[in-house]
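Just so it is clear, none of the values below were taken in a lab; they were calculated from the coordinates. Being a predicted model, the structure only gives us computed values, none of them experimental. No Cβ is skipped: glycine too gets one built from the backbone with ideal geometry, and neighbour counts run over all protein chains shown.
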Amino acid sequence: MGVLLELKDICKSYPSGAGGTLSVLQDVSLSVEQGDFISIMGPSGSGKSTLLNIAGTLDAPTSGRILFREKDLADLKQKERTRFRNRHLGFVFQLHHLLPQCTVLENVLIPALPAGVDSRLTDYACHLLERVGLDQRLHEMPGHLSGGERQRVAVVRALINRPEILLADEPTGSLDQNTASRMGVLLQEINRDYGTSLILVTHSPELAGLANRTYRLHEGTLHLS
Amino acid sequence: MHTARLIFRNLVFFRRTHAGLAAGILIATGVLVGALVVGDSMRYSLTHTALRRLGRTVYAVDTGRHFFSSSLADRLETRLRVPVAPMLHSHGLALSRGGENGTAQVNIYGITDAFFRLTSGPYQEGPPSSGEALVNAALAERLALKPGDGLIIRFEKKSAVPPDIPLIRHETETAALRLTVKTVLGSDSMGDFSLRISQISPLNVFVSLKDFSNLFGPDSTANMLLFGDPDNTMDPGRVQSAIAGVWTLRDAGLRLAVLPGRSFYELKSDRLFIDSDVMAAAFSGGNRSTGVLSYLVNRIYAGNRETPYSFVTGISHPFFTEYRDEKGIVINSWLAQDLHVGPGDSLHFAYFVIDENNNLVEKEFGFRIGLVEPVSSGVFDSSLMPDIPGLSETENCRDWDPGFPIDLKKIRKKDEAYWDRYRGTPKAIVSPETARKLWGNRFGDLTAIRFPRSMNDPDSIRVRLMRNLRPESFGFSVRPVQNEALRASAQGVDFGELFLGLSFFVTAGALLLIGLLFVFSIEQRKEEIGLYMASGFSRFMIMKILWTEAFFIALSGSILGSGFGLIITRWVLEALGSVWQGAVRTSGFKMHVRTATLAVGMVSGLVMAVLTFAAALIIMMRRNVIRLQQAPPLPEPVHAARLLRTGVVIFIAGLTGAAVLIMTAGFDAGRRAAGTFMGAGGLVLVSGIGLCLFTMMRVIHLSGFRRIDFWILAMQNSVRRWGRSLTAIGLLGGTIFLVITVGANQNHELDNPENRRSGTGGFDFWAETALPVQHNLNSREAERFLGLPDSLARISQIICCRVHDGDDASCLNLNRISLPRILGLDPVLLHERGAFSFAGLTDQTDPDHAWLSLERDSVQDVIPAIADQTVILWGLGKQVGDTLIVINERGDPVHLKLTAGLENSVFQGNLIISEKSFIDLFPSVAGYRVFLVDASGSGRSALAGYLKQIFRDYGFSIFPAAKRLLLFYEVENTYLTIFMTLGALGLILGSFGMAVLLLRNMLERRGELALLRALGFEYKEVVRIIMIEYGFLLVAGLGTGLAAALIASVPSLITSLTHWPVRSVLIIGFVLLVNGLIWIYAATRIALRGDMLAGLRLE
C-alpha cells in the first residue's frame, strides 16, 4: 500500500489581538495510506477541524507541506486545488448541510455537477442510497428526513465522486447515540467495501475505536494513541 | 441533475428573498425608466406643442414694420403651388367686461381664409366677420371669455414710418376695436399660433385681415407670411427666390410717381426716408437720377427777422456745381423779402434732429446767400415736400400735427398765405452734401429720387430697382419655423437627465437595498456555498450559479420595473402639471413611450442590478467561508484609547474648521457665502462622526473591559464593528445633510434687493409695456411727458430698453433658444450705477468696466452682448466669449459676441446690447418697452400707481424687480423641492436596506441574544439593549446630519426664515426616526422569535 496523503511538519497560526500570533498546529505530520481509517481526537479548540480543513485544502497551512501521491498540493493553483478536491476527496460535516431546495437524490448528485451528471452516475447514486437504506426516499426533500437519514445522505453525497479519501468532521456530533453508532458502522463499511481512506475527527471514543489508527491532538501537536 | 435544475430549484426555494431583490430592482429600474420616459414625454409634448402652434406652417416671413400688400401671398401661392397665408400682426392689450378684466402682451392677428388652410383642426369656418374675433383658450381663460362676449382690443397702429424718424416723431399711435367673441379657437386649430418658441400658450386674438388692415391704411396690408409645404418640396432658398421673383415696389414700400407736367419720375418711400439699399439700386446704371432731401426747419432767421417752419431742400443746382461752398444757399424771393436779405447776406437755420439718446434736440447752421430765385421759377417745386403724416394733408398751417413740438403761435398770416398758395414748396435750396450732413439719419439720406423722363420709363425703372433690391433688406427673410421649433424642442431641457439627477438618492437607495439584500441572501446561503467549495466546485462555477440566479431575478425585476416606470412617469407628469408646475409653467404634458427608451431603461436597470450583484458576489467570494463565521473582536484597550483620541481630534478639528469658515464669511454674508456655509456644514458632519467615535470608545475606555451595564453591553456591538457603525452614521448623516441642505437651500427672498450689485441692480421695479413708449424716460422731454408730482419726483433713474422681440431664453422656457429677445440700453448708465454682478467675463473684458464692453467702435463688425450666465449656458447652450448670429433688419446675419455673463438677474431671458448697436441692427424698432425703475426712497407704491396711470393705454405692467427675480428662482426652488422629496424617498428606501443589514446582524447574533435570555435577561431587557445599540446609530446619524444641514442652511435661514421648509425638514427627520425605530424593533422581534434557548441547547 502506497502513501496516499502525507502532511509534513504542518504549522498553523493566527494573528492574535495584541499583535502576536496564536499557534494552533505545530509541526504536525501525518501519513494516510490507501484504505486507512484514521481517527483524530482531542479537546475543543485543539485544532482538529483546522487540521482536517488543511488536509482537505479548504485552508492553507502557515508552513509545512501537503503531498498527495507525493505531489505537493502547495504547487497547485486555486483551480487545480478545486479540481483535486472534487476528484479525490469527500467531505462529511458535523451538520449535514443538505440543500433544502433539492431532493435526496439531487443532493447526492451535487458534487458530480462540475464534471457533469449522466444516467450511470445517477444509477450509482441510487445504488449508494440503497446501500444506506434510503432507496425509498430518493425524491424526498431533506426537510422530511430524520437527523440520521440526513447524515447518511451527506455521507452518500461525499462518496458520489468515488473519492480516495473521505474527510469527516465530527459526523455524529449532532446525532443521538444509536444513530451515531449506526453512522460509525456505515463509515466502517465504506472503508472496507470501497477501499476509501477515512480521516475522522471526533470526540466520540466509540467512533474513534472503529479506526485502524487513532491520533490525539494536544496543544497543537499530534500523537499516536 | 444539471446545473440549470439546481438554479431552478434555488430560484423557487429562495423565492421570498428573491422577491425582495426583484422589488428593489423594480424600484431602481422604475426610477430609471420613469426618468427616461418623462424625458421623452416632455420632449414629445414640447414638439407636439410646437407643431400645434404652427399647424402646417413650415416657413414664415415676419417683416415687422415693413408692410406689404396681402396680394403678395396670392402671387407666391401661384408661383410655389403651396398654401401661403398673409397675416397682419400687432401687439396690444385686451379688455373684457367693460374694462374690468384686462391683460397686456396680447397678439392680434389679421387673418384670411388662407390661414385655415394651414390647420387641420375642427374649426374650418374661415376668418371672423367684421366685428368678430376668435380668441385662443389661454386668453379666453385669462379674461373669462366665451362666445358672444364683448372684447375690446387696443393695439399699436403700426406705421411704415418708424416713430423715431425726424420730422414725424410722434407718440405711439394706438387704435381700438370693439369685438364680439365668435368662438374660442382650440390649439389644434392653431389657436396658439405664434412664431415665438415657448411651451407657454400665448394670448391670441384673431380678426379679419381686411378690417384690421383698414385701420393701418387704405391698402390691404400684411406684415407676415406663412407657408405650408404639404409635399415637402420646398426649402428656404426656394421660398426666398420666389419672393424675389414676384414682389413689387409696393411690397417694398416704394412708390414711383409719374407727376403730370414734370420732366421726371419720382420715387418715394412709405418710410419717408429712402435708405441706402434703395439709393444704391436707384443710382445704379447711369440713369442720371437725382436725390432729394427735404426737411422742415423750425425757423430761418437773419438778424432779428425770422421765418417759422419752412421746408428746405437739398438737391443739385447749377449754383452748387459752380460754387462748391457748403455754406452757400439758394433762397426764393418770398423768403428774401420776408427776411430782407439778398445775395451775400447770411442767414441761419434752426432745426430738430434726434440725438444718440433718442432725444429731440434743436441745432443751428449758418449760410451765405448765393442766389435769390423767384418762387415761381420752377426751381422751387411743391412736389419737393415729403409726405409727412399730420402735415402734408392739412389745409391750414394751424392744423399741423406732425408729432414733434410745434409752436403754432409763431405762424403768421403770411405763412398761412404761403401754405395756401405754394403748399410745402421749399423756401431754400442747399447742396445735397450739406443736406445729407445736416439731416441725414439712420433711416436714410433722401426723401425722394427723381429720374429724368428723357432717359427713363417707369417700367425700366421698376425692373432695375427690383433687380437690384434684396427682399431681405425689407424684412422678407424666410425662416424655417417648423424646423426651428422642432430643433428647439428636441434640444430643450433634458428632463430625462434632470430627473435621473434629481432621483439620484432613490436610485442609490434602491441599489443599496438590492446590494444589501443580495449580500444577505448569499450570507444566508454560505453553508451551501461552503458545501459547493468543499465538493470541488470552482469559484467560477459557484459564481456562475449564483450570478445566473441573480440574472433571472434582475431580469424579472427590470421587466416589472419598466411597467412601474410608466406609473412613475404618469405621477411625475401629473405632478409637473400641478404641484411642481413652478418648474415648467404649464400643464397638459402627454405621456409618450418609445420602445427604444423602455428597452434602454430596462437594460440599464438590468445592467445596474447585475453589476451590483457582481460586486457583492465578488466581495463575498473573496472572503474565506470559514472566517465568515467569526465576529470581529472588540478593540484592545490600547487601540480604544488611540481611537478615542482620534475621535476627539476629529471632533475638535471639525468644529474649529467650521467656526473659522463661519467667522470668515460672517453670519450676514447671505447667499453669497452659501458655499462657505456648505463647507462648514460638511465639517460639522465630520466633527459629529468624530464625536460618535469618541463616545463609542469612551464607553470601552470607561469600562476598561472590567465594568458592564446595559449601556456598555449595548454599545459593545457598535464598538466591535466600529467601522461599520461609523459608516452607517456617516451614510445616514451625510445623506440627510445633502438632501436637506440642497433641497432646503431655496430662494424665496433676496438677500438685499436694494444692493446695486444684486440681481435687481438695486432697481425697485421692472416694467414692460405692450406698446412702445417713444420717450426716453430719463430725458427732459420725458419729464414733461411724465409730469410727475413733486412728491414722486424722487425717481433717481429709469433705464429704458429698446426691445427686439425674440424667444424667451430664461429658465421659464423649456426649449433651446437660438433667437432670444434683444434689449438695447445705455451701458454707461449701468456702469456709473455699478449695477449687477458678473459671473463670467472674457479675457478682454475689464472686470471694473464690464458694462462698457458693450460699447464698440463703429468699424467693429462683431457686436458685444451680455446676458445672464444661466441664459448663456442653458438657454443658448453657449459660453462667455462665444458668438451667436442674429439677423438684422436688413436681413443680414450679424455676429454678437458674449463679452460677459451676469449673475442671476432680472435680465434673465434677454440678450443685452448697447442702444447704439441696437439702433444699427434694428433702426425701425422705435421706442422703449422695458424699463428698470429706481424709486430710491419712499413712495414706491405711489410711483408704481402713477406710472400705471400714465401708461394705462400702453399695456403697462409693473412689478417689483425682486419679485421678477424670484419668479426665476421659483423654477430652481421647484427643482430643489423635487430633489428633497425624491431624496427623502431615497432615504426611506435606503432605510429598508439598513433594515436588512440590521436583520442580518441580529440573526448573526442570535446565539448571543439567546445567551442573554439564558442568563436571565427578560425579553424586554434584551429588546432594550438592542434598541439602545441601534437607536444610538440612528440618532447619531440623524442628529449629525441635521446639525450639519442646519449650519449649511444659515444663509437661507437668515434671508428667508419664513420660507425655509421647517415643516418638510421636521417631517423628514421625524419619518426617518420613526421609520428607523420601527425597523429596529421589527428586526429585534424577528431575531428573538421562536425558542431561542433550544438553539442554545443544541450548540
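Contact order normalised by length for chain A, with contacts defined as Cα pairs under 8 Å and 6 or more residues apart; what percent is it?
Across chain A, relative contact order equals 30 percent.
Once amide H atoms are built 1.01 Å from N in the peptide plane, which residues 5 or more positions from A:GLU164, or in another chain, come under 5 Å H to H?
HN-HN under 5 Å from A:GLU164: A:LEU89.
Let's test the formula: R0 of 45 Å, r as the Cβ-Cβ distance of B:ALA659 and B:SER578. What FRET efficiency results, to the nearest 0.05?
Working: r = 44 Å, r/R0 = 0.97.
Working from the Cβ atoms, E equals 0.55.
Treat each spin label as a single point 7 Å out from the Cα along the C-beta direction, and report the B:ASP74 to A:HIS203 distance in nm.
11.3
Which residues' amide hydrogens lie under 5 Å from the amide hydrogen of A:LEU222, considering only partners 5 or more residues apart or on another chain, with H built in the peptide plane?
A:SER29
Using alpha carbons only, how many degrees (0 to 90, rounded to 10) separate the axis of helix A:119-131 from the longest principal axis of chain A?
Once rounded, the angle reads 80 degrees.
Relative to the longest principal axis of the C-alpha atoms of chain B, give the angle of the C-alpha long axis of helix B:940-950, reported between 0 and 90° and rounded to the nearest 10°.
Compared with the principal axis, the helix lies near 40 degrees.
Note down the relative contact order for segment B:364-444 as a percent, whole number, built from C-alpha pairs under 8 angstrom at least six residues apart. Please list the in-between numbers first.
Working: 46 pairs, mean separation 25.8, N = 81.
Across segment B:364-444, relative contact order equals 32 percent.
Taking each residue of A:77-85 in turn, how many C-beta atoms of other protein chains fall within 10 Å of its C-beta, and what is the average?
Numbers: counts 0, 3, 3, 1, 2, 10, 2, 1, 6.
Average neighbour count from other chains, rounded to a whole number: 3.
Counting each pair of different Cα atoms once, what's the Kirkwood radius of segment A:1-74 in Å, rounded to one decimal?
13.0
When the Karplus curve 6.51 cos²θ - 1.76 cosθ + 1.60 is applied with θ = phi - 60°, which whole-Hz ³J(HN,Hα) does each residue of segment B:1039-1047 get, with x for Gly and Pro?
Rounded to whole hertz, the list is x, 4, x, 5, 4, 5, 5, 5, 4.
Give, as a single signed number, the net charge of other residues whose beta carbon lies under 14 Å from the beta carbon of B:ARG15, with Lys and Arg counted +1 and Asp and Glu -1.
+2
Estimate the FRET efficiency between B:ILE559 and A:ASP72 by the formula 1/(1 + (r/R0)^6), using the beta-carbon distance for r and 35 Å for R0, to the nearest 0.05.
0.10
Length gain on complete extension for the stretch B:THR595 to B:SER957, per 0.36 nm per residue less the alpha carbon to alpha carbon distance?
Stretched fully, the B:THR595-B:SER957 segment lengthens by 125.7 nm.
Indicate the gyration tensor shape class of chain B (rounded, prolate or oblate), computed on the Cα atoms with a ≥ b ≥ c the square roots of the eigenvalues: a/c under 1.5 is rounded; otherwise a/b larger than b/c is prolate and the rest oblate.
It comes out prolate by the Cα gyration axes.
Rule-of-thumb check for segment B:219-302: C-alpha Rg over 2.2 N^0.38 Å?
1.58
Other chains' Cβ within 10 Å of A:93-100 residues: what's the mean? Show your work: numbers first, answer last.
Working: counts 4, 0, 1, 2, 7, 3, 9, 4.
Shielding by partners across A:93-100 averages 4.
If I model a spin label at B:ARG262 and A:VAL185 as a point 7 Å from the Cα along the Cα→Cβ vector, what separation in nanometres do I get?
It is 13.9 nm.
Pop out the ³J(HN,Hα) list for segment B:199-210 in order, Karplus 6.51 cos²θ - 1.76 cosθ + 1.60 with θ = phi - 60°, rounded to Hz; leave Gly and Pro as x.
Using θ = phi - 60°, the values come out as 7, 8, 5, x, 9, 10, 10, 10, 10, 5, 4, 4 Hz.
Just from its helices, what would the mean residue ellipticity at 222 nm be for the protein assembly as shown, if runs of 4 or more DSSP H residues each count -39500 (n - 2.57) and the sum is divided by every residue, rounded to the nearest 500 deg cm²/dmol?
Helices in the protein assembly as shown give a 222 nm mean residue ellipticity of -14000 deg cm²/dmol.
First check a/c for the protein assembly as shown, with a ≥ b ≥ c the square roots of the eigenvalues of its C-alpha gyration tensor; if it is under 1.5, answer rounded, and if not, answer prolate when a/b is larger than b/c or oblate otherwise. Write out the running numbers ahead of the final one.
On the way: a/c = 3.66, a/b = 2.82, b/c = 1.30.
Here the protein assembly as shown falls in the prolate category.
On a full-extension model of 0.36 nm per residue, what is the gain between B:THR233 and B:LYS526, subtracting their alpha-carbon distance, rounded to one decimal in nm?
98.5 nm
Per-residue Cβ counts within 10 Å, from other chains only, averaged over A:106-114: what number is that? Intermediate results must be reported in sequence, preceding the final value.
Working: counts 4, 2, 1, 4, 8, 6, 3, 11, 8.
Mean partner shielding for this stretch: 5.
A:HIS218 versus A:HIS139, label points 7 Å from Cα toward the beta carbon: distance in nm?
So the label points at A:HIS218 and A:HIS139 sit 5.5 nm apart.
Can you list residues whose amide H is under 5 Å from B:PHE956's amide H, if they're 5+ apart or on another chain and H is modeled 1.01 Å from N?
Counting only residues 5 or more places away or on other chains, the set is B:ALA770.
Structure shown: which of B:LYS409/B:LYS437; A:LYS12/A:LYS77; B:LYS157/B:LYS363; B:LYS157/B:LYS916 lie over 28 Å apart, alpha-carbon to alpha-carbon?
The pairs that break the limit, which is 28 Å between Cα atoms, are B:LYS409/B:LYS437; B:LYS157/B:LYS363.
Suppose the chain between B:ALA137 and B:ARG724 were pulled fully straight at 0.36 nm per residue; how much longer would it get relative to their current alpha carbon spacing?
Here the answer is 205.3 nm.
According to the square roots a ≥ b ≥ c of the eigenvalues of the Cα gyration tensor, what is the shape class of segment A:81-225, taking rounded for a/c under 1.5, prolate for a/b larger than b/c otherwise, and oblate for the remainder?
On the way: a/c = 1.91, a/b = 1.43, b/c = 1.33.
Prolate.
Using the scaling law 2.2 N^0.38 Å as the reference, what is the normalised Cα Rg of segment B:464-579?
2.13
Mind checking which lysines have their C-alpha under 27 Å from B:LYS590, skipping anything on the same chain fewer than 8 residues away?
Candidates past the 8-residue exclusion: B:LYS146.
Short version: ³J(HN,Hα) in whole Hz for each residue of segment B:411-428, in order, from phi by Karplus 6.51 cos²θ - 1.76 cosθ + 1.60 (θ = phi - 60°), x for Gly and Pro, what are they?
Ordered by residue, 3J(HN,Hα) equals 6, 9, 5, 5, 5, 4, 5, 4, 4, 5, 8, 10, 6, x, 4, x, 9, 8 Hz.
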